[in-house]
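Right, one structure below, let's go through it.
The values are calculated or read from the model by the stated rules, or taken from the named source; none is laboratory data. No experiment lies behind these values; they were computed from the predicted model shown. In this analysis, Cβ positions are derived from the backbone assuming ideal geometry, glycine residues included, and neighbour counts consider all displayed protein chains. Just the protein is used for accessible areas: all its heavy atoms, side chains included, with ligands, DNA and RNA removed. Shrake-Rupley method; radii C 1.70, N 1.55, O 1.52, S 1.80 Å.
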There are 2 protein chains.
Amino acid sequence: MNENQVLPWDNPRFKNWIAVARASQLIHQKLGRALVSLDIKVPHLDIMANIYRFEGISQQDLAHKLLVGRSNISMLLPQIEKRGLIERRKDETDKRILRLYLTDKGREVTLKALAIELELIEHSLSTSNLDECNQVGRIMNRMIDQMDAWGK
Amino acid sequence: MNENQVLPWDNPRFKNWIAVARASQLIHQKLGRALVSLDIKVPHLDIMANIYRFEGISQQDLAHKLLVGRSNISMLLPQIEKRGLIERRKDETDKRILRLYLTDKGREVTLKALAIELELIEHSLSTSNLDECNQVGRIMNRMIDQMDAWGK
DNA sequence: ACATAATTGTACAACCATGAACGAAAATCA
DNA sequence: TGATTTTCGTTCATGGTTGTACAATTATGT
């Protein structure tokens, strides 16, 4: 009794997921190349975009949102800070927390970078209409919820 | 005239893509944790699964399929080879090429690892029916084609 | 109040990934 | 054939990511 008689590639969910993973990997790579013109890396953009959305976010919360470790954030931030793109200020009521803010320059770079990312995504998805894109989003969000619920 | 009056997060394609990227990242992380039990890493599985599908594939072709650099493959393979999971044999008609094969042990580990990956994906996507999964796959493949065509 | 536990950010070592430069082998082409 | 170019794999330096251990600070519980 062999549970692997059917190869994974014959499984519809598996096969379709592979396409998702490839598309994700490709976008990531292409975004990396495109950001060279702004002299920033994808992880830097991820960080700045989140500070843009959530001004004053803590490093902990930022790491949680980006699904990375705190040490990752802790090592990347000084680089961005030295370039004058962000600021770190101590929270006065809880001295453990460092709150993050974009400088004017940082906001400017972030918007330029997001415009590049937006163009890349819109072009890549231009062959799918909005209903299709929305359905993909719904399915992916269900998938994320399912994984969170599983905990594993 | 500011082209960024509308934030990216208000753009439907962008917003939905973020969900794709998050799901992809989560699966990757969870797969990594799950593979600890077999003492292999995700990149190792990617490699072995492709050798499983395409016996005798060259390192070059393997790198191309995985969308990584040749140096990446070249550095990972010796690790897997030392564990007796794969074999590298020189092509006799073209001595530049090293052809890759799984050992029996490698095939066994690969199937176990693929079963873990399959379970993870099937569970995560269990809230979506097959039509939905197929449509996601179609859209992602169109997206990949679009990016390949753009070249950029 | 005081001891214990939990949280926040950092430092460090290990590993993975990348791109450029290189040598060997094969293909091209004159 | 002989010279040039291309392809394949490796090596090396650089930089990204992770997990663990740690110091400082705050929260908890008696």
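What is the minimum Cβ-to-axis distance for chain A, in whole Å, where the axis maps A onto B, and to which residue does it belong?
With distances in whole Å, chain A gives A:S24, 2.
I need the inter-copy label distances for B:L130: point set 7 Å along Cα to C-beta, values in nm with one decimal, smallest first.
Once sorted, the set of distances for B:L130 reads 3.3 nm.
Using the Cα gyration tensor of segment B:87-152, with a ≥ b ≥ c the square roots of its eigenvalues, what is the shape: rounded (a/c below 1.5), prolate (a/b larger than b/c) or oblate (neither)? Mind dumping the intermediate values first?
Details: a/c = 4.74, a/b = 1.38, b/c = 3.45.
Verdict is oblate for segment B:87-152.
Test of understanding: given chain A, find the longest segment containing no GluC sites (Glu not before Pro) that are in a DSSP loop and have at most 12 other Cβ atoms within 10 Å. Could the numbers behind the result be given before it?
On the way: sites that count: A:E3, A:E55, A:E92.
After excluding every exposed loop site, the longest remaining stretch is A:93-152.
Where does the charge balance sit around B:E132 when Lys and Arg score +1, Asp and Glu -1, over other residues with C-beta under 12 Å from its C-beta?
Summing Lys and Arg as +1 and Asp and Glu as -1 gives +2.
So if I place +1 on the C-beta of Lys and Arg and -1 on the C-beta of Asp and Glu, and nothing else carries charge, what would the dipole magnitude of segment A:27-127 be about its Cα centre? I want it in debye, nearest 20.
My answer is approximately 340 debye.
When the accessible area of each residue in segment A:45-69 is compared between its chain alone and the complete protein assembly (1.4 Å probe; ligands, DNA and RNA ignored), which residues differ by at least 40 Å², being lower in the assembly?
Checking the loss per residue gives A:R53, A:L67.
Taking a ≥ b ≥ c as the square roots of the Cα gyration tensor eigenvalues, with a/c under 1.5 meaning rounded and otherwise prolate when a/b beats b/c, else oblate, which class fits segment A:27-127? All intermediate terms of the calculation are to be shown ahead of the outcome.
Numbers: a/c = 2.16, a/b = 1.86, b/c = 1.16.
It is prolate, given that a/c is not under 1.5 and a/b is the larger ratio.
Counting only other residues whose beta carbon sits under 13 Å from that of A:L98, what net charge do I get with K and R as +1, D and E as -1? Show your work: numbers first, answer last.
On the way: positive: A:R70, A:R88, A:R89, A:K90, A:K95, A:R96, A:R99; negative: A:D61, A:E81, A:E87, A:D91, A:E92, A:D94.
Result for the local shell: +1.
Using the basic label-point model (7 angstrom from Cα toward the beta carbon), what is the A:K65 to B:Q60 distance in nanometres?
Result for the modelled spin labels: 4.6 nm.
As a check on your grasp of the helix formula, calculate [θ] at 222 nm for chain B: sum -39500 (n - 2.57) over DSSP H runs of n ≥ 4, divide by the residue count, round to the nearest 500.
-21500 deg cm²/dmol
Taking the simple approach of a point 7 Å from Cα along Cα-to-Cβ for both B:D94 and B:N141, what is their distance in nm?
A separation of 2.7 nm, rounded to one decimal place.
Given the pairs A:K82/B:K15; B:K82/B:K105; A:K65/B:K30; A:K65/B:K65; A:K15/B:K30, which are separated by over 24 angstrom at their Cα positions?
Values: A:K82/B:K15 30 Å; B:K82/B:K105 12 Å; A:K65/B:K30 16 Å; A:K65/B:K65 31 Å; A:K15/B:K30 18 Å.
Listed pairs above 24 Å: A:K82/B:K15; A:K65/B:K65.
Expected output is a single nm value to one decimal: the length gained when fully extending between A:E81 and A:E119, i.e. 0.36 nm times separation in residues minus the C-alpha distance. What is it? Let's see the in-between values first.
Details: separation 38, 0.36 × 38 = 13.68 nm, distance 2.68 nm.
Residue separation times 0.36 nm, minus the Cα-Cα distance, leaves 11.0 nm.
How much net charge surrounds A:L7 when only other residues with a Cβ under 11 Å from its Cβ are counted (Lys, Arg +1; Asp, Glu -1)?
Local net charge: +1.
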